[in-house]
Each structure stands twice: as structure tokens, then as C-alpha cells.
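The values are calculated or read from the model by the stated rules, or taken from the named source; none is laboratory data. The structure presented is a predicted model; accordingly, all values stated were derived computationally and were not measured. Backbone-built Cβ (ideal geometry, glycine too); neighbour counts: all protein chains shown. The protein model used for the area step is the full one, side chains on, heavy atoms only, and it has no ligands, DNA or RNA in it. Shrake-Rupley method; radii C 1.70, N 1.55, O 1.52, S 1.80 Å.
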Amino acid sequence: MIISLVGLPGSGKSTVGRQLARRLSLPFFDSDHVIEQRLGCSIREFFEREGEERFRDVEEAVLGELTQGSPCVVSTGGGAVLRPANRQHLHERGQVVYLRSTPEEVFRRLRHDRNRPLLQVADPLQRLRDLYAVRDPLYRETAHFVIETGRPSVSTLVNMVVMQLELAGLVPTPSSSANARSPH
């Protein structure tokens, strides 16, 4: 099974994805890192040199490959859902978890981060609100599960994702003697 995480930049996709993969004993791929390895430069440099459209072409190719591979956890770039092909591939080829963060939460987390090209603007909070307005419906359309990130710890978020996957019968529930509510 391929589990993909979508959400605004800074919603925790890479951090939660890495721990989720460890928890489920699956390989982890950060699509942005895979893209940078392929490009041989940072996304920011490529964005500035080639523009967003060329970047989205590379992103679409990488996501297409990652979602056709063996079981893994994939954290996507915040704008991956902008392309209909990406939304379709993510949704049809695996389970998609939307880590939903409000623009204000993301701003609080990222306000000192200088490596996010989309936030290097005069009013980053307004930029996040604009991104959210456009992308939230696309994240919802793509996702099988929506997890509100709020303020829980990363391990709590991982537990929430695993619980959703267990409830949907997509990953086996731990059959331990501590599980007194066994259906047997």
C-alpha cells in the first residue's frame, strides 16, 4: 500500500511521513527531496531559473513514479494537488491523508523558515491564506482521510493516521493481549 500525505507547506508532511513509515516498516520518500536529487539543485533555484510550470512537470513525473512503485509512505510538495493528474494518481494508487493545518498554524511554525520560496513575500500569512483558499478543496478532493493537525505532537499525529488506516481495515490492528476489545 502506498500512503501519500498532502497539505500546505509546513503542515508536517515530511516529519509525520518519516515517523509513519518507520511505524509501518515501509520506505519513506519525500517527493521534494527526490525532485532535488533528480534536478541536481534546490527546488528554489530551479523555481527561480525555470519557473513553476517546469517544476510542476518534474513533480508530476516523480509522483507518477512514486505512486506506481512498491508500498511506501510519500510526503508530497504542498502544491502537488494543483495538477489534476497528480490528484488522480495519488487518489487511485494509494491512500491519501490530508494533514489539515490552518494558515495561522503554518505561519506560526514557518515564520522563521527562509527556505520556502512561496513564503518569501511581503505578507507570508496572507500568502498562506491565499494558498489555503485555492488548495484546501483540492486536498479534500484527493484525500481519503483528513487529519486536523492543530497542536498535537508528531507522535500523536502518527497515531491518528495509523488509527484511521486501522479503522478502514487498511493496516492490521496490533493483536496484543492488551487489546481487550478484540472482536473474536
Would it be correct to say that residue 149 is surrounded by fewer than 17 Cβ atoms within 10 Å (Cβ to Cβ), among the hydroxyl-bearing types (Ser, Thr, Tyr) and modelled with pLDDT of 90 or more?
no
Out of all the residues in the range 154-171, is one or more touching a Leu at 6+ places or on another chain (Cβ under 9 Å) and at pLDDT below 90?
yes
Selection count, the range 134-144, where residues are in a helix (DSSP H, G or I) and farther than 18 Å from residue 52 by Cβ:
6
Could you list, ordered by first residue, the pairs with Cβ atoms under 6 Å in which the first is in the range 73-85 and under 23 Å from residue 28 (Cβ atoms) and the second is part of a loop (DSSP other than H, G, I, E, B) and open to solvent by 10 Å² or more (accessible area, probe 1.4 Å), at least 6 apart or interchain?
73/26; 78/9
What pairs come up if the first residue lies in the range 22-34 and is small (Gly, Ala, Ser), the second is part of a helix (DSSP H, G or I), and their beta carbons are under 8 Å apart, counting only those six or more places apart or on different chains?
31/59; 31/62; 31/63; 31/66; 31/80
Identify the single condition in (1) more than 14 Å from residue 80 (Cβ to Cβ); (2) within 13 Å of the chain's Cα centre (by Cα); (3) at pLDDT 95 or above that residue 22 does not satisfy, given that it satisfies every other one.
(2)
Just one of (1) in contact with a helix residue (DSSP H, G or I) (Cβ under 8 Å, 6 or more places away or on another chain); (2) of a type in the set (Ser, Thr, Tyr); (3) more than 23 Å from residue 55 (Cα to Cα) trips up residue 75, so point out which.
(3)
